[in-house]
Amino acid sequence: QRCVVLRFLKSPPNQNKTSEEILHHLQNIVDFGKHVMKQFFGENYVHHGEIIQLPLDFVRQLCLKVQPERPESRCDKDMDTHSGYAMCLPNLTRLQTYRFVEHRPILCIEIKPKCGFIPFSSHVSQEIKHKVCRYCMHQHLKVANGKWKRPSKYCPLDLFSGNKQRMHFALKSLLQETQNNLKIFKNGELIYGCKDDQDSVCDWNDLARHLKPFFFPSNGLVSGPHCTRTIVKELIHVITMALLSSTDACRAGDMKTVPISQGRSYCEASAFNKELVRNGKHKLESSGLPRGCLLYKTLQAQMLDMLDIEGLYPLYSRVEQYLEEFPEERSTLQIDGPYNEAFYEKLLDLSTEDDGTVAFALTKVQQYRIAMTAKDCSIMIALSPCLQDECSEQRPVVLTSKSRFTFSVSVLDLDLKPYESIPHQYKLDGKIVNYYLKNVQAKDDPVMSSLFKENEDCTLVLHKV
């Protein structure tokens, strides 16, 4: 009735934590959202929630009820039914900041944009990482491992470019191959996107049927391919406008992080880029993002990864070595919290000059964890149709050819990435790059691929110049 989400901790079956540990863990999640991520993203975008205690009987019944709905791949962990503690958060698929529209249908688009820049660090050992983004390389390894049937044409750098043509291409690619990166909800129900890791061929006609009342309320369009294309186009336009909108002022907008121009602004593997090259154009226009918009803030937080995992790993090892000698220092160094103002202040030191100290190494490690969190967050865009006379100045509104929407943009999945996951990230990075160099670039590069083709006749023709 209150339209909220309850979020419970999950843990492997043999790792039962005490109620105090669970409360502490949940408190850390709330504090991190409140004191750290709110500073990066802004007051209106981050909903840190609150901790509540529920009757154990209710929790156990709830657990039994949701168990059959849980995807198989997630069932290796059990929901906490012993402590009674949970986080209470707003349901962002329904979230509206304005009371009057609660009776209206609500459309919500969830996007996981992933990492929107190419590493610019001098620690990068493979040149390919300066040319092709992590997401595009990782696609090939995921397809090879059977996670997805086809690689997606989506490239995060196109979405983060601020160039509407590139953003439209990126969103269209996400709609074609949603994977885990795009979901659409209508009144809180998932109507489009993969349910967990299932490979489902997304049906645009089905989506258009759901969306038609939103975009063409007077039923002016007949059905058919043209209608579907028009509706998808309108949807992409609305998402783009909402992503570029600025509805919040916060300290992050003034953060002097890395100038975005340091890295290259396009990825060589992007399908959009390849299309341009095919048409004889080699220059990608980059419009840049408006400073106040959520994509800009997300990118700024992601770019706290200034050294790349290759430059960071030796610093992580330095911290690890120190902790082996002085394990009691772990809490003083705030590795597991508390995530308070003091923790946030330390993140603002953007120097990359290594002075050999543990303090420097730790700051870079914590910045990397924030960057990883920002690379894995989700953006929720909730849209609700509004009539002309209801749309006053205070409410952000986006217009389409036949309708207008009031909207809210939020960010979620902002739990701090674990300190312990850094070695895994380091190994995974090596795997992704090596697979790409061996199996993809070698085939794409005509000089290389001709070396692999044996026993083929080759004629060299010389022309008079």
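The values are calculated or read from the model by the stated rules, or taken from the named source; none is laboratory data. Everything numeric in this text was worked out from a predicted model, so none of it was measured. Because the Cβ atoms are built from the backbone with ideal geometry, glycine has one as well, and the counts that use them run over all protein chains shown. Protein only, heavy atoms only, side chains kept; ligands, DNA and RNA dropped before computing areas. Shrake-Rupley method; radii C 1.70, N 1.55, O 1.52, S 1.80 Å.
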Under 11 Å, Cβ to Cβ, from Cys155 - net charge with Lys/Arg +1 and Asp/Glu -1
+3
Counting sequence-distant residues (5 or more places) and residues on other chains, those with an amide H built under 5 Å from that of Arg404 are Cys386
What nm distance separates the two modelled labels at Arg74 and Lys431, each placed 7 Å from Cα along Cα→Cβ?
2.2 nm
Check which residues have an amide H placed less than 5 Å from Tyr192's amide H, if you skip close sequence neighbours.
Ile184
Relative contact order computed over region 1-90 (Cα-Cα under 8 Å; 6+ residues apart), in percent
54 percent
Debye log10 I(q)/I(0) at q = 0.12 Å⁻¹ for region 1-136, Cα point scatterers
-0.73
Quick one: net charge around Gly311, please, counting Lys, Arg +1 and Asp, Glu -1 for every other residue with C-beta under 13 Å from its C-beta.
-3
In nm, what is the difference between 0.36 nm times the number of residues separating Leu56 and Lys131 and their Cα-Cα distance?
21.7 nm
Exceeding 22 Å between C-alpha atoms, which entries from my cross-link table qualify? They are Lys129/Lys274; Lys153/Lys427; Lys34/Lys427; Lys38/Lys114.
Lys153/Lys427; Lys34/Lys427
For region 156-167, take each phi angle, set θ = phi - 60°, evaluate the Karplus expression 6.51 cos²θ - 1.76 cosθ + 1.60, and give the result in whole Hz per residue in order, putting x for glycine and proline.
x, 5, 5, 5, 7, 6, x, 8, 4, 4, 5, 5
Please list the non-local residues whose amide H lies under 5 Å from the amide H of Asp78, H modeled 1.01 Å from N, same-chain partners needing a gap of 5 or more.
Ser11
How much area per residue is accessible in region 300-343 when the probe is 1.4 Å and only protein heavy atoms are counted (Å²)?
44 Å²
Qualifying lysines (Cα of each under 22 Å from Cα of Lys186; at least 8 residues distant if same chain)
Lys112, Lys172, Lys195, Lys212, Lys233, Lys402
Exposure rank, largest accessible area first [Arg2, Arg104; 1.4 Å]
Arg2, Arg104
Based on alpha-carbon centroids, what's the gap between region 308-387 and region 110-144 in Å, whole number please?
20 Å
Using θ = phi - 60° and the Karplus curve 6.51 cos²θ - 1.76 cosθ + 1.60, what whole-Hz ³J(HN,Hα) does each residue of region 107-121 get, with Gly and Pro shown as x?
10, 9, 10, 9, 10, 9, x, 6, 6, x, 9, 9, x, 10, 6
